[in-house]
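Novice: Below are the structure tokens for one structure; questions will follow.
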Amino acid sequence: MSTLTDRYISEVVRHLPEDQRDDISSEIAATIADMVAAEPDAGNDAIGTPPGGTADRASAERAVLARLGDPAELAHRYAGARQYLVGPDVYPVWARVLRWLLPVVGVIAALAGGILYVSTTAEPELGGLIGQLVSSVAAALLWAFAAWTLVVVIIERTTPEGERSPLSLTPTWDPAHLDGHRGGAESRADAVVSLVLLAVLAAVPFVPSTFLYIGHLNGGEPLVNPAIPTRWFTGYVLLIGALALVQVWRLVRPGRSPARLGIDVVVDVVFGVFLTVLVLSHDSVIHPGLVADDGGTATTAIRWSIIATIWVIVAWDQIETLRAYRRGAANAA
């Protein structure tokens, strides 16, 4: 059994429980050997005696491994594992989107719930505020989880049999992948998730308040203060565009390097600083119909809550980026 076949089997059993690995490893090795021997390119003569060359046999071996396909998918078939609602091809993207979508939706729902409570309650109380926040966030998280899962299920179920789902970021598997690291698919998945969330952030200044069920407070106008100068919106869109270009770069040229890690950190921090300056340089970034920009307690609390949220998200993004970089470096080693 060649080194290439050894690596293929190692990749398969890596996805299996410990107690199944030995038996399945032997079974796959025997299957590959039989399939290679039966290949026309295996270099066997009419009576089945190898002529001694290895080039044809190596070609036949690669053809057999390509026919068997991605080791992870073969492992799932052997293990009999089943992914409920979402399959193994789309699960990485589904999980990565939820990892970011739920916190972002939760923060927006909490801000909306707090604004609604403060604006409609004559004498706000801590207990009432907490109750409003819990109900708003819980409903928003359930809605976001169900909506995203439904989208993924529909896409997966409507993909023709034998074709890859549009949400599957792993390219058609080839034995050459055994010679490289496994970070490409993860890098592509992270890039797609980031692009989706950047699109959401780009839409935030234009989202009507009716979307969060508080449109009656400001006539359904956007959430942000319309008095903010246009140059701030331009800078906001340009920075999101820069972040999007970084993610497109990762999508087209997957992989991880110290240079990319540095660019991710710098662009994220610059974006966080920009948003912080934006919030601090205006009496209120929230529409005055939602929260009066009179410098009162509510306005101050919302301002610092927004700043804290910005830097929590930035810090979290840096931690996730560093973890992904370390995983990629470990896979490449």
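The values are calculated or read from the model by the stated rules, or taken from the named source; none is laboratory data. These numbers come from a predicted model, not from an experiment. Reconstructed Cβ throughout: ideal geometry from the backbone, glycine too, with neighbour counts over all protein chains shown. Note: accessible area is taken over every heavy atom of the protein model, side chains too, but ligands, DNA and RNA are not part of it. Shrake-Rupley method; radii C 1.70, N 1.55, O 1.52, S 1.80 Å.
Novice: Hey, can you tell me all the residues within the range 276-291 that are touching a residue at least 24 places away in the same chain (Cβ under 8 Å) and part of a helix (DSSP H, G or I)?
Specialist: Scanning the range 276-291 gives 276, 278, 279, 280.
Novice: Here's a follow-up. Considering each of 153, 105, 137, 93 in turn, give the residue that is on the phi < 0 side of the Ramachandran plot, assigned to a helix (DSSP H, G or I) and either surrounded by fewer than 19 Cβ atoms within 10 Å (Cβ to Cβ) or touching a His at 6+ places or on another chain (Cβ under 7 Å) (or both).
Specialist: 153
Novice: Just wondering, is there one or more residues in the range 267-274 that are closer than 30 Å to residue 219 by Cβ, open to solvent by less than 60 Å² (accessible area, probe 1.4 Å) and modelled with pLDDT of 80 or more?
Specialist: Scanning the range 267-274, I find at least one residue that is closer than 30 Å to residue 219 by Cβ, open to solvent by less than 60 Å² (accessible area, probe 1.4 Å) and modelled with pLDDT of 80 or more, so the answer is yes.
Novice: Of all the residues that make up the range 224-275, how many are closer than 25 Å to residue 305 by Cα and either assigned to a loop (DSSP other than H, G, I, E, B) or of a type in the set (Ser, Thr, Tyr) (or both)? Give the steps one after another, and end with the answer.
Specialist: So in the range 224-275, the residues closer than 25 Å to residue 305 by Cα come out as 224-240, 243, 264-275.
From what's left, either assigned to a loop (DSSP other than H, G, I, E, B) or of a type in the set (Ser, Thr, Tyr) (or both): 225-230, 234, 236.
So the answer is 8.
Novice: Going by what's in this entry, would residue 127 be described as over 18 Å from residue 215 (Cα atoms), under 29 Å from the mean Cα position of the chain (by Cα) and in a helix (DSSP H, G or I)? Lay out the reasoning, then the answer.
Specialist: Details: over 18 Å from residue 215 (Cα atoms): yes; under 29 Å from the mean Cα position of the chain (by Cα): no; in a helix (DSSP H, G or I): yes.
Taking the combined requirement at face value, the residue does not satisfy it.
Novice: Quick test for you: out of 158, 172, 210, pick the one residue that is at pLDDT below 70 and either surrounded by fewer than 18 Cβ atoms within 10 Å (Cβ to Cβ) or small (Gly, Ala, Ser) (or both).
Specialist: Going through 158, 172, 210 in turn, the sole match is 172.
Novice: Determine which single condition residue 247 fails, assuming it passes every other condition in (1) of a type in the set (S, T, N, Q); (2) at pLDDT 90 or above; (3) open to solvent by less than 30 Å² (accessible area, probe 1.4 Å).
Specialist: (2)
Novice: For the range 213-230, give me each residue that is among the β-branched types (Val, Ile, Thr) and either farther than 21 Å from residue 241 by Cα or open to solvent by less than 40 Å² (accessible area, probe 1.4 Å) (or both). Walk me through it before giving the result.
Specialist: First pass over the range 213-230, keeping only residues among the β-branched types (Val, Ile, Thr): 214, 224, 228, 230.
214, 224, 228, listed by residue number.
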